[in-house]
Structure formats: structure tokens, C-alpha cells
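Undergrad: Pasting a structure here, questions to come.
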Amino acid sequence: MAAAKTTMTLRQRLRKAILFLRLVGHGLRVYKSMISRIVSAKVAALFESEPKQPIDPAEVKNIVIVGAAFAGLYSARLLSGSLPRDGRWRIVVIEPNSHFNFTWVFPRFSVVEGHEHKAFIPYKSDYFAMGPKGMVRWVGDRVTNVKKEVVVLRSGEEIPYEYLIVATGSTVADGLPSRANVETKEEAVELLQAMQERIKKASHVVVAGGGAAGVELATDAKDLYPDKSVTIVHSRQALMNRFSDGLQKGTAESMERLGVEVILGEKAISETQDGQFITLSSGRKIPCDCFVNCTGQKPASGIMANLSPQSIAPSGHIRVKPTLQIDDDSLPNIYICGDVADAHVRNPNSRIAGRQAEICADNVVLAVRGKKPKYQYAEMWGDGFIKLTLGLDRSITQFWDGTSELLFPSEETERDLMCKGTWMAMGAQPFEDTGVYCDK
């Protein structure tokens with residue numbers, strides 16, 4: 001028996017060692033790809049001819065990108081550095097939000113005061129510096145419908161496209177702490193501040209949903225206000241149930257350490273909250289004067305419902321081919337990436353969105369150059385990455401390949417988490433808000 005346990009331990013250690021080596025290799029490949037793209041863009045700028053005469057506007061073709069969260073914005077950046085620089089191609093980014101919403105910090109800033117403005121990063125033309133000036137056109141509007149050759153905006157304008165990338169992400173009816181559900185920074189900041197005030201004044205906070213948003217908000221609330229009653233209700237038998245056993249265990253231990261009450265195998269019925277109690281699916285009533293719903297995210301696929309209804313899966317995702325073209329042979333020039341794509345992703349995150357953005361952008365460039373799309377998306381072990389905060393000063397980062405896991409517990413020293421680095425990665429000076437997108 002002891003020998004068997006020793007052998008199993010050795011196997012586990014070997015698997016983890018292999019996983020660590022794969023992690024290092026993955027990091028090197030990502031870095032190599034990034035450097036290669038930058039070098040290619042600089043070489044193109046030196047040797048590819050730019051038009052000496054103004055191009056007839058009628059000859060300029062649009063590559064339209066709907067949505068400028070992680071997937072849409074990154075695909076636009078990659079295209080700006082990869083498309084022919086002859087003036088015949090324009091990238092049109094259509095985004096209704098005034099600022100990039102860094103939603104990863106929304107749960108934290110729904111609780112902690114004084115940092116909420118940092119969650120909204122100004123869109124900057126510098127982000128597209130790999131491409132020639134003027135290649136990217138920014139449209140602050142919302143797409144309401146997609147037709148065969150044009151997208152229709154809320155304003156009524158129709159914008160033609162040669163190629164279309166749909167990166168509309170996901171929505172949630174209740175808004176915070178997952179989405180703001182408003183379009184301006186000012187409105188979103190006010191909503192975050194209102195949520196902070198609700199939690200601050202409450203005696204019994206009940207959080208519905210044991211995924212990342214619910215876990216992070218519940219642990220932050222209890223850590224900041226240890227005298228409050230904080231309860232998290234989850235319909236499954238473990239918090240963070242879609243992730244590895246190690247992360248589930250670390251989450252459960254943090255709940256116990258902080259004193260968060262955990263109720264599993266139940267649902268909180270939001271309609272029953274009356275300011276004092278809320279009723280669970282079993283009929284049990286628990287004290288609640290502040291209810292926070294962290295469930296109900298759905299793919300934002302509605303704009304494709306008229307053009308290709310058969311491509312909308314029962315889950316609401318848009319069905320795609322391995323090349324991330326929409327799974328509709330009549331629409332080979334439409335690509336889908338990010339949370340809205342039905343790409344069989346277990347745990348959607350920005351890393352996956354970025355990889356899908358690369359595939360869409362690279363395949364569009366091939367098509368522009370008269371070649372068949374060849375790059376394909378398949379889930380990789382590195383996609384099982386998550387950094388989960390468990391209170392104000394602790395987190396666990398997990399890499400998981402479905403069998404073995406690497407867990408990196410760490411201390412968090414900054415209340416605003418990774419905001420500074422994200423601002424800089426997007427070409428913005430922390431935390432100087434330059435307002436809405438400007439080409440200058």
C-alpha cells in the first residue's frame with residue numbers, strides 16, 4: 001500500500017514537472033510570436049509601398065470588427081500591422097462603450113472604494129501604431145443587425161464590409177459585478193459606487209453564484225467588513241466547480257478562513273428578496289438585506305439572429321468552424337471570436353479571446369491576399385489558466401491541463417490588482433483619462 005502511494009506521488013510529481021516545462025515553453029512561444037509580429041510590422045513599414053496618390057474612397061474595402069473588448073480590440077491591432085499598406089483596406093472598429101471595460105476587476109471594485117475609475121481605460125490610437133496612420137476608423141455606436149454586406153448601427157447608418165469579425169462577448173441581465181450594462185465611464189463609475197455603498201451599509205450580504213465573480217466578491221466583502229454576515233449560494237456541490245480539485249480546495253479553505261458561509265446545491269430566488277430575507281430553491285429562508293447576483297452570463301449573439309439563425313446554438317453561442325469562420329457556408333467572410341463563439345471552451349478568459357483574435361486576424365489577412373484560411377483554433381492546456389483573488393491580499397493562479405495542475409498561491413499587495421499593467425499594455429498612461437477615442 002505504501003509503495004503504491006509512493007508510486008502515485010512520484011507520478012503526480014512527474015506530471016507536474018512536465019506541466020511546468022510546458023508552461024515555460026508556452027510562455028516562450030507567446031513571447032516569440034509577439035516579437036515576430038512586431039518585427040514583421042516594422043519590416044512592412046520599411047519595404048511595403050504606401051500609396052503616393054489618394055485612393056478613390058470607392059476602392060477602399062472595410063474589415064469591420066464589432067466589439068472592442070479583449071478579442072475585438074486585439075484582432076484590430078493585429079490586422080493593423082499585417083494588412084497590405086497600399087491604402088485599399090480600412091479597419092472599422094464599432095464599439096458602444098466610451099472606455100475599455102476591464103471587467104476582471106469589477107468584483108473587487110464593487111466592494112473596495114476609491115479605485116473604480118481605474119476599471120475604465122481610454123481607447124488610444126497608439127494601440128494601433130503597428131499600422132499606417134488612418135488605417136483604423138473608430139465608430140462609437142452599437143450594431144443592431146448584420147446583413148449580407150453591411151452592418152446596421154443604432155444610429156441608422158449602414159457600414160459595408162468585405163470581411164466581418166464579430167466579437168460581441170457576453171452579457172448579463174443584472175449587470176454588476178460582471179458587466180456594467182451602461183456605455184459611459186461616468187455611468188459605470190456611479191453604478192460601482194452605488195454597489196459599494198449597498199455592501200457597506202448591509203448587515204447580511206448574500207451572493208448568488210460560485211464562479212470567479214461570486215467567489216471574489218464574497219471574499220473581498222468579508223475581508224473588508226469582517227463583522228458582516230456574508231453568504232455565498234451555489235447550485236453545484238463545490239465552488240469553482242469547473243476547475244481543478246486543488247483550486248476548489250483552496251477556495252473552500254479561504255471561505256472558512258474568512259468566515260464566509262457557503263451553501264451548496266441550492267439556488268437563491270432573486271424575486272423573493274424583501275430587504276430582510278431571501279428564499280432558496282429548497283424553501284429555506286436566510287437573512288439578506290443586500291443580494292448580489294453573480295450568475296446568468298449569456299453570449300451576445302443577437303446581431304446574427306436574422307442573417308444566420310441556424311448558426312445560433314441552443315446555448316446562445318455562434319457556431320464556428322475550426323478556422324473561426326461562422327458555421328454557415330454562405331458567409332465565408334464572417335469570423336467569430338471571444339466569449340460569443342461556440343468554440344467548445346471550458347472556461348472562457350482573456351487568454352483564449354486573444355488566441356482566437358490571432359486566428360481570426362491571420363485568416364482574414366490570408367483571405368485578403370487571395371489565400372484560403374488555414375489557421376485553426378483548438379483548446380490548449382494553457383487555456384485552463386485563471387488568477388482567482390481570495391480576499392484583499394491573497395490569490396491563487398492555476399494552470400490546469402484537465403489532469404494535472406500547477407497552483408501558485410501569492411500575496412496581493414495592490415488593492416487595484418493589475419490595473420496599472422493593463423493600462424500600459426493598452427498604450428494608456430496610468431491613470432490619465434484622455435476621454436473617448438481620438439485619432440490624434
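Undergrad: Identify the residues of region 85-119 with backbone N under 15 Å of a label point that sits 7 angstrom from the Cα of Glu59 along the Cα-to-Cβ direction, or state none.
TA: 85-90
Undergrad: Placing +1 at every Lys and Arg Cβ and -1 at every Asp and Glu Cβ, with all other atoms neutral, what dipole size does region 265-307 have around its Cα centre, in debye to the nearest 20?
TA: Values: 4 positive and 4 negative charges, 32 e Å.
Here the size comes out at about 160 debye.
Undergrad: Let me ask another. Quick one: which residues, 5 or more positions from Thr144 or on another chain, have an amide H under 5 Å from its amide H? H modelled 1.01 Å from N in the peptide plane, none for Pro or chain starts.
TA: Counting only residues 5 or more places away or on other chains, the set is Val152, Leu153, Arg154.
Undergrad: Roughly what would the spin-label model give for Asn306 and Val436, points 7 Å off Cα along C-beta, in nm?
TA: It works out to 2.4 nm between the two label points.
Undergrad: Something else now. Need the full-extension length gain, Arg137 to Ser281, defined as separation in residues times 0.36 nm minus the C-alpha distance. One decimal, nm.
TA: Numbers: separation 144, 0.36 × 144 = 51.84 nm, distance 4.94 nm.
Taking Arg137 through Ser281 to full extension adds about 46.9 nm, to one decimal.
Undergrad: Still on this model: At a Förster radius of 51 Å, what calculated FRET efficiency corresponds to the Cβ-Cβ distance of Ser125 and Ile269, to the nearest 0.05? Let's see the in-between values first.
TA: Numbers: r = 48 Å, r/R0 = 0.93.
That pair, Ser125 with Ile269, gives E of 0.60.
Undergrad: Give me the net charge of Glu190's neighbourhood, meaning all other residues with Cβ under 12 Å from the Cβ of Glu190; Lys, Arg count +1, Asp, Glu -1.
TA: On the way: positive: Lys185; negative: Glu116, Glu186, Glu187, Glu197.
Here the count lands on -3.
Undergrad: Label points 7 Å out from Cα along the Cβ direction at Arg346 and Lys298: separation in nm?
TA: 2.7
Undergrad: If you average the sequence gap of Cα pairs under 8 Å that are 6 or more apart and divide by the length of the chain, what percent do you get for the contact order?
TA: Working: 861 pairs, mean separation 77.8, N = 440.
Averaging sequence separation for qualifying contacts and normalising by length gives 18 percent for the chain.
Undergrad: Taking just the C-alpha trace of the chain, give me its Rg and Dmax in Å.
TA: Spelled out, the Cα radius of gyration and Dmax of the chain are 23.2, 81 Å.
Undergrad: For region 202-277, count the residues as N, evaluate 2.2 N^0.38 Å, and divide the Cα radius of gyration by that value, please.
TA: Values: Rg = 12.0 Å, N = 76, 2.2 N^0.38 = 11.4 Å.
Cα-based Rg divided by the globular estimate yields 1.05.
Undergrad: Also, I was wondering about something else. Relative contact order for region 362-401 using alpha-carbon pairs under 8 Å, separation at least 6, rounded to a whole percent?
TA: Values: 37 pairs, mean separation 12.1, N = 40.
Relative CO of region 362-401 lands at 30 percent.
Undergrad: Hey, can you rank 65-78, 280-293, 231-244, 422-435 by average C-beta count inside 10 Å, highest first?
TA: Output ranking for 65-78, 280-293, 231-244, 422-435: 65-78, 231-244, 280-293, 422-435.
Undergrad: Also, quick follow-up: If you place +1 on the Cβ of every Lys and Arg, -1 on the Cβ of every Asp and Glu, and leave all else neutral, what size is the dipole of region 94-228 about its Cα centre, to the nearest 20 Debye? Mind showing how you got there, number by number?
TA: Details: 16 positive and 19 negative charges, 24 e Å.
With Lys and Arg at +1 and Asp and Glu at -1, about 120 debye.
Undergrad: Tell me the volume per residue, in Å³, of the convex hull enclosing the alpha carbons of region 276-353. Write out the running numbers ahead of the final one.
TA: Details: hull volume 11.3 nm³, N = 78.
In region 276-353, the Cα convex hull volume per residue is 145 Å³.
Undergrad: Mind checking the per residue accessible area of the chain for me, 1.4 Å probe, whole number of Å²? Please list the in-between numbers first.
TA: Numbers: 21210 Å² over 440 residues.
Solvent-accessible surface per residue comes out at 48 Å².
Undergrad: Scaled to the compact-protein estimate 2.2 N^0.38 Å, what is the alpha-carbon radius of gyration of region 323-440, rounded to two decimal places? Mind showing how you got there, number by number?
TA: Numbers: Rg = 18.4 Å, N = 118, 2.2 N^0.38 = 13.5 Å.
So region 323-440 has a normalised radius of gyration of 1.36.
Undergrad: Can you give the net charge of the other residues whose Cβ lies under 14 Å from the Cβ of Pro348, counting K and R as +1 and D and E as -1?
TA: With Lys, Arg at +1 and Asp, Glu at -1, the net is +2.
Undergrad: A further question follows. What do you get for the angle between helix 245-258 and the principal long axis of the chain? Use alpha-carbon atoms, 0 to 90 degrees, nearest ten.
TA: That works out to roughly 60 degrees.
Undergrad: Less than 14 Å Cβ to Cβ from Glu95, Lys/Arg counted +1 and Asp/Glu -1: what total charge do the surrounding residues give?
TA: Working: positive: Arg77, Lys124, Arg137, Arg142, Arg154, Lys185; negative: Asp141, Glu183.
That sum, taken over residues with Cβ under 14 Å, equals +4.
Undergrad: Right, next: First compute the accessible area of region 386-430 with a 1.4 Å probe, then give the percent of it belonging to carbon and sulfur atoms.
TA: Working: 1060 of 2120 Å².
Whole-percent figure for carbon plus sulfur exposure: 50.
Undergrad: I would also like to ask the following. At what distance in nm do the modelled label points of Tyr225 and Leu10 sit from each other, each positioned 7 Å from its Cα along Cα→Cβ?
TA: For Tyr225 paired with Leu10, the spin-label model returns 5.4 nm.
Undergrad: Could you look at region 219-347 and say what percent of its accessible area is carbon and sulfur, using a 1.4 Å probe and all protein chains?
TA: 47
Undergrad: Can you flag which of Lys61/Lys371; Lys200/Lys228; Lys249/Lys285; Lys201/Lys228 are past 19 Å Cα-Cα?
TA: Long pairs (Cα-Cα over 19 Å): Lys249/Lys285.
The values are calculated or read from the model by the stated rules, or taken from the named source; none is laboratory data. No experiment lies behind these values; they were computed from the predicted model shown. Cβ atoms come from the backbone with ideal geometry, glycine included; neighbour counts cover every protein chain shown. Just the protein is used for accessible areas: all its heavy atoms, side chains included, with ligands, DNA and RNA removed. Shrake-Rupley method; radii C 1.70, N 1.55, O 1.52, S 1.80 Å.
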